[in-house]
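Undergrad: Dumping the structure here so I can ask a few things about it.
The values are calculated or read from the model by the stated rules, or taken from the named source; none is laboratory data. As the structure is a computational prediction, the values presented were derived from the model and not from experiment. Virtual Cβ from ideal backbone geometry, glycine too; neighbours counted across all protein chains shown.
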Amino acid sequence: MIFLRLFLIFLKIGIFSFGGGLATIALIQNEVVEKQGWLSAQEFTDIVATSQITPGPVGINTATYTGYTAIVNAGYSEGLGIVGALLASFAVILIPVILMLIVSRLLLKHKDNRVVTDVMSLLRLAIVGLIAAAALLLATPETFGNASPQLWISIAIFAIVFLASLKFKASPILLILLSGVVGFLVYGVIL
């Protein structure tokens, strides 16, 4: 039954959701688009875009919209799609909430332990890799077109922001605002 598979898949995704919502996007895409075929690549790209502009954590929003769309695409009613949305959302947060309750108590007790600090350093590296994987998965022809000017402009904006952040320690808020202004001017006025 699709509801049980949906629950188990998002439960598994929740187990590996260290790094937040952006880190889970690659996992969700692999499961629901590649393995299960519940959504098309275009539908998933649209869901991620919508998840980023709606209030709330992007991972939970993506799970919610994915659960709804998977159930509706399977031929069920929109009412059961809402059940799928709630089921996927609950499943993706269930294990992390339980683990965070346990780990937070242990971490406070052993925060100065060398092993704990080493593990946290390794987790940071894994998180960067998962977020990079999510970005690469979204760099598709559906998103940017085939080697379109938008792709190259987006890469240039990213590179400039990355260097400004790394080299000059520029404020992330300032970089976001400037990127928005540049994006508006380039995509809204020039192109």
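Undergrad: How many residues are at pLDDT 80 or above and either over 14 Å from L27 (Cβ atoms) or over 15 Å from the mean Cα position of the chain (by Cα) (or both) when one looks only at the stretch 125-148?
TA: Summing the residues that are at pLDDT 80 or above and either over 14 Å from L27 (Cβ atoms) or over 15 Å from the mean Cα position of the chain (by Cα) (or both) in the stretch 125-148 gives 2.
Undergrad: Another question, if that's okay. Please verify whether F90 is aromatic (F, W, Y) and closer than 30 Å to I2 by Cβ, treating the condition exactly as stated.
TA: Here the answer is yes, as F90 does meet what is asked.
Undergrad: Please enumerate the residues belonging to the stretch 49-63 that are more than 9 Å from the chain's Cα centre (by Cα) and under 16 Å from A135 (Cβ atoms).
TA: A49
Undergrad: Looking at the stretch 153-164, can you tell me whether even one residue there is at pLDDT 85 or above, exposed (fewer than 11 other Cβ atoms within 10 Å of the Cβ), more than 30 Å from Y187 (Cα to Cα) and of a type in the set (A, V, I, L, M)?
TA: No; the residues of the stretch 153-164 include none that is at pLDDT 85 or above, exposed (fewer than 11 other Cβ atoms within 10 Å of the Cβ), more than 30 Å from Y187 (Cα to Cα) and of a type in the set (A, V, I, L, M).
Undergrad: Residue by residue through the stretch 146-191, note down the ones that are hydroxyl-bearing (S, T, Y) and closer than 17 Å to L136 by Cα.
TA: S148, S154
This table checks each residue for (1) over 29 Å from L136 (Cα atoms); (2) of a type in the set (A, V, I, L, M); (3) in the same structural domain as A135 (by TED's automatic domain parsing).
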{"position": "L11", "(1), (2), (3)": "no, yes, yes"}
{"position": "A23", "(1), (2), (3)": "no, yes, yes"}
{"position": "Q29", "(1), (2), (3)": "no, no, yes"}
{"position": "V33", "(1), (2), (3)": "no, yes, yes"}
{"position": "G59", "(1), (2), (3)": "no, no, yes"}
{"position": "V72", "(1), (2), (3)": "no, yes, yes"}
{"position": "I82", "(1), (2), (3)": "yes, yes, yes"}
{"position": "L87", "(1), (2), (3)": "no, yes, yes"}
{"position": "L101", "(1), (2), (3)": "yes, yes, yes"}
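Undergrad: Just to verify a result, which residue in the stretch 17-48, among those that are free of Cβ contacts under 8 Å to residues at least 24 places away in the same chain and among the small types (G, A, S), is nearest to A134 (Cα to Cα)?
TA: Once the filter is applied, the top-ranked residue is S40.
Undergrad: Suppose we filter the stretch 118-141 for residues that are assigned to a helix (DSSP H, G or I) and polar (S, T, N, Q); how many remain?
TA: 1
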